[in-house]
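Participant: Have a look at this one before I ask anything.
The values are calculated or read from the model by the stated rules, or taken from the named source; none is laboratory data. Computed from a predicted model, the values in this text were never measured in an experiment. Using ideal geometry, Cβ is built from the backbone for each residue, glycine included, and neighbour counts are taken over all protein chains shown. Quick note on the areas: whole protein, heavy atoms, side chains included, nothing else; ligands and nucleic acids left out. Shrake-Rupley method; radii C 1.70, N 1.55, O 1.52, S 1.80 Å.
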Amino acid sequence: MMTEENLEEASGDTVEEHESKRGFCGCCCIPIHWFKMLATEMHWSFVLGVVVVYGISQGLGGALNRVGTEYYMKDVQKVQPSEAQVYEGITSIPWLVKPLWGLLTDVLPIFGYRRRPYFIFAGFLGVISMLLLSLHEKLHLVLALMSLTAGSAGVAIADVTIDACVAQNSINHPSLAADMQSLCALSSSIGALVGFFMSGIFVHLIGPKGVFGLLTIPAGLVFLIGILLDEPYMPNFDYRQVNQRFIDAGKAMWTTLKCPDVWRPCLYMYISIAVSLDIHEGMFYWYTQDSKDGPSFSQETVGFIFSIGSVGSLLGAILYQNVLKDYPFRDLLFWTQLLFGLSGMLDLILVLRLNLKFGISDYFFIVIDECVFQMIGRLKWMPLLVLSAKLCPLGIEGTFFALLMSIDNFGLLSATWGGGFLLHVLKVTRTNFDSLWLVILIRNLLRVSPLCLLYLVPRGDPNSSFLPAEFLETKEGTETQATENIELVSLINDVDGK
């Protein structure tokens, strides 16, 4: 009897052990199965393209560029916080003309290809501009701004090319639209996490200009994608039709934009972003200034803080994907916008040094602040991206998605310049931060103001299409189908071919 009982206990322990191992392996396999599902439904090349452009070029490269540029403006060019805000807006101008890049990729093939030349050009532009910034000993501010703007243009061109694929697949697979945006967000967040973690260390070791030299690597990878991209060759394209195609695309965009189901959410997107003033440069100068009034964070600490913020952004993307993606847009945007305004009070507590009165160190508090801000910001941004992808008509999906993103980017530019103007009016400088608390309070109040405009956003099911049926039909069926078949040639096949 004792032997039988011992055998039963041993077998029970074995079953529990197998179940625990199976549960652990199952959790680890969920992301793999998700990637396989996306690759099966929309082709593996689409998934790989998103990871390269969003993860490496925008995520990793964007993180290094942000920290490197901030220290470059502060320590090399020695500009004021309000000026740095204005210059940051100038370098973002290429993102405002995204409809132009989108229109070119939709209607103007080069040497018979729609996507390859634009990736190659984007990578080449990024490599040259970053090399100029890194190798020139004392670059004039105007030339530095031109180089930074050119590098930004390279990232924007690569972004709009992959965005066309995202928008098109969102229409062809409406139930996977949220999954595609989650893939973009996860790739960007993971890349930014790695980039921010290394950025402070690199700035400390090789300086801001050395970081610009490292940024030639993501640009080179974008160039490489242009070489490896396999897409249908169109040798008989009639370039005499380009003008008419531009006119037709412009008319189609205007017709779509006049639809109330389209312009109303577009108006909300712009206002909600524009009134959320960006005062990041004022905060950056404050917590890196070597004085007794601020935390005086080192370069490595700043990079680590931003990397923790990327963890918050990643958590926001995961939370949206697994919990919130099926909630109506209007309900989700209400809570995220409200929390976005309330989260700004953490900055006010930090600047007024109230955290020290509660025994919370500056380092710990700003880590929590950055993590919460990035997580809520991602939760606020994700439904807007999904909604934008669903507002794109077939045939000009790349162009129209770029138009919607340029509206958002114009909102970001308005917020950046508005924040710089507020810093200037309240006399926040490199050494004077007495009015910074008032700047933060005004920003927080403006953040919650878009709640009164939520009626502009549709309340419907986010998994359904919002466009009328006539906008989902295209006369360019052949070309649209050709765009769907974009593939990336594997390196193995390329080597075998040689």
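Participant: What are the pairs with Cβ atoms under 8 angstrom where one residue, in region 45-60, is under 23 Å from Met130 (Cβ atoms) and of a type outside the set (Asp, Glu) and the other, located anywhere, is open to solvent by 10 Å² or more (accessible area, probe 1.4 Å) and not in a helix (DSSP H, G or I)? Sequence gap at least six, or different chains.
Facilitator: Between residues of region 45-60 that are under 23 Å from Met130 (Cβ atoms) and of a type outside the set (Asp, Glu) and residues that are open to solvent by 10 Å² or more (accessible area, probe 1.4 Å) and not in a helix (DSSP H, G or I), the close pairs are Gly49/Ile486; Gly49/Leu488.
Participant: Could I ask something else about it? In region 250-267, what residues are in contact with a Phe, Trp or Tyr (Cβ under 9 Å, 6 or more places away or on another chain) and either of a type outside the set (Lys, Arg) or open to solvent by 80 Å² or more (accessible area, probe 1.4 Å) (or both)?
Facilitator: Within region 250-267, Ala252, Met253, Thr255, Thr256, Leu257, Cys259, Asp261, Val262, Pro265 qualify.
Participant: Of all the helices (runs of 4 or more DSSP H) wholly in region 30-93, which have at least 2 residues that are touching a strand residue (DSSP E or B) at 6+ places or on another chain (Cβ under 9 Å) and buried (at least 18 other Cβ atoms within 10 Å of the Cβ)?
Facilitator: Helices (runs of 4 or more DSSP H) meeting the threshold: 44-50.
Participant: Still on this model: Between residues in region 258-273 that are closer than 15 Å to Leu446 by Cα and free of Cβ contacts under 8 Å to residues at least 12 places away in the same chain and residues that are assigned to a helix (DSSP H, G or I) and hydrophobic (A, V, I, L, M, F, W, C), which pairs lie under 7 Å by C-beta distance while being six or more apart or on different chains?
Facilitator: Final answer for the pair search is none.
Participant: Please work out which residue is farthest from Leu423 (Cα to Cα), limiting yourself to region 452-463 and to residues that are touching a helix residue (DSSP H, G or I) at 6+ places or on another chain (Cβ under 7 Å) and either modelled with pLDDT of 90 or more or in a loop (DSSP other than H, G, I, E, B) (or both).
Facilitator: Among residues in region 452-463 that are touching a helix residue (DSSP H, G or I) at 6+ places or on another chain (Cβ under 7 Å) and either modelled with pLDDT of 90 or more or in a loop (DSSP other than H, G, I, E, B) (or both), the one farthest from Leu423 (Cα to Cα) is Asn463.
Participant: Could you count how many residues in region 109-161 are within 20 Å of Pro99 (Cβ to Cβ), out of contact with any Ser or Thr (no Cβ under 9 Å at 6 or more places or on another chain) and either surrounded by fewer than 22 Cβ atoms within 10 Å (Cβ to Cβ) or not hydrophobic (A, V, I, L, M, F, W, C) (or both)?
Facilitator: The qualifying residues number 4.
Participant: Related question: List every residue pair whose Cβ atoms lie under 9 Å apart, where the two residues are 6 or more positions apart in sequence or sit on different chains, the first residue falls within region 338-350 and is in contact (Cβ under 8 Å) with a residue 60 or more places away in the chain and acidic (Asp, Glu), and the second residue, located anywhere, is outside any helix (DSSP H, G or I) and open to solvent by less than 20 Å² (accessible area, probe 1.4 Å).
Facilitator: That search, which allows pairs on different chains as well, returns Asp347/Ile279.
Participant: Would you mind finding the one in Val127, Val142 that is closer than 24 Å to Gly226 by Cβ and either in a helix (DSSP H, G or I) or within 16 Å of the chain's Cα centre (by Cα) (or both)?
Facilitator: Every option except Val127 fails the conditions.
Participant: May I pose another question? For region 210-231, enumerate the residues that are open to solvent by 50 Å² or more (accessible area, probe 1.4 Å) and more than 26 Å from Val367 (Cβ to Cβ).
Facilitator: Ile217, Leu221, Phe223, Leu224, Ile227, Asp230
Participant: With respect to Ser134, determine if the residue is small (Gly, Ala, Ser) and more than 19 Å from the chain's Cα centre (by Cα).
Facilitator: yes
Participant: Here's another thing I want to ask about it. Given the residues Leu423, Leu404, Leu438, Leu446, which is the only one that is buried (at least 24 other Cβ atoms within 10 Å of the Cβ), in a helix (DSSP H, G or I), modelled with pLDDT of 90 or more and not basic (Lys, Arg)?
Facilitator: Leu423 is the lone residue from the list that is buried (at least 24 other Cβ atoms within 10 Å of the Cβ), in a helix (DSSP H, G or I), modelled with pLDDT of 90 or more and not basic (Lys, Arg).
Participant: While we're on this one: Could you tell me whether any residue of region 279-289 is touching a Gly at 6+ places or on another chain (Cβ under 7 Å), open to solvent by less than 30 Å² (accessible area, probe 1.4 Å) and not in a helix (DSSP H, G or I)?
Facilitator: Yes: one or more hits.
Participant: When the residues of region 163-176 are filtered to those that are of a type in the set (Gly, Ala, Ser) and crowded, with 24+ Cβ neighbours inside 10 Å, which remaining residue is nearest to Phe35 (Cα to Cα)?
Facilitator: Ser170
Participant: May I ask you to verify whether Pro295 is touching a residue at least 40 places away in the same chain (Cβ under 8 Å) and in a loop (DSSP other than H, G, I, E, B)?
Facilitator: The answer is yes for Pro295.
Participant: OK, next. Restricting attention to region 232-243, and to residues there that are modelled with pLDDT under 75 and in a loop (DSSP other than H, G, I, E, B), which single residue is least open to solvent (accessible area, probe 1.4 Å)?
Facilitator: For region 232-243, the residue satisfying everything is Phe237.
Participant: Could you list, ordered by first residue, the pairs with Cβ atoms under 6 Å in which the first is in region 188-205 and open to solvent by 10 Å² or more (accessible area, probe 1.4 Å) and the second is among the acidic types (Asp, Glu) and in a helix (DSSP H, G or I), at least 6 apart or interchain?
Facilitator: Ile201/Glu300; His204/Glu300
Participant: Scan region 407-420 for residues that are crowded, with 21+ Cβ neighbours inside 10 Å and either assigned to a loop (DSSP other than H, G, I, E, B) or more than 20 Å from the chain's Cα centre (by Cα) (or both) and jot them down.
Facilitator: The answer is Gly419, Gly420.
Participant: Among the residues of region 82-138, write down those that are among the acidic types (Asp, Glu) and closer than 23 Å to Val50 by Cβ.
Facilitator: Asp106
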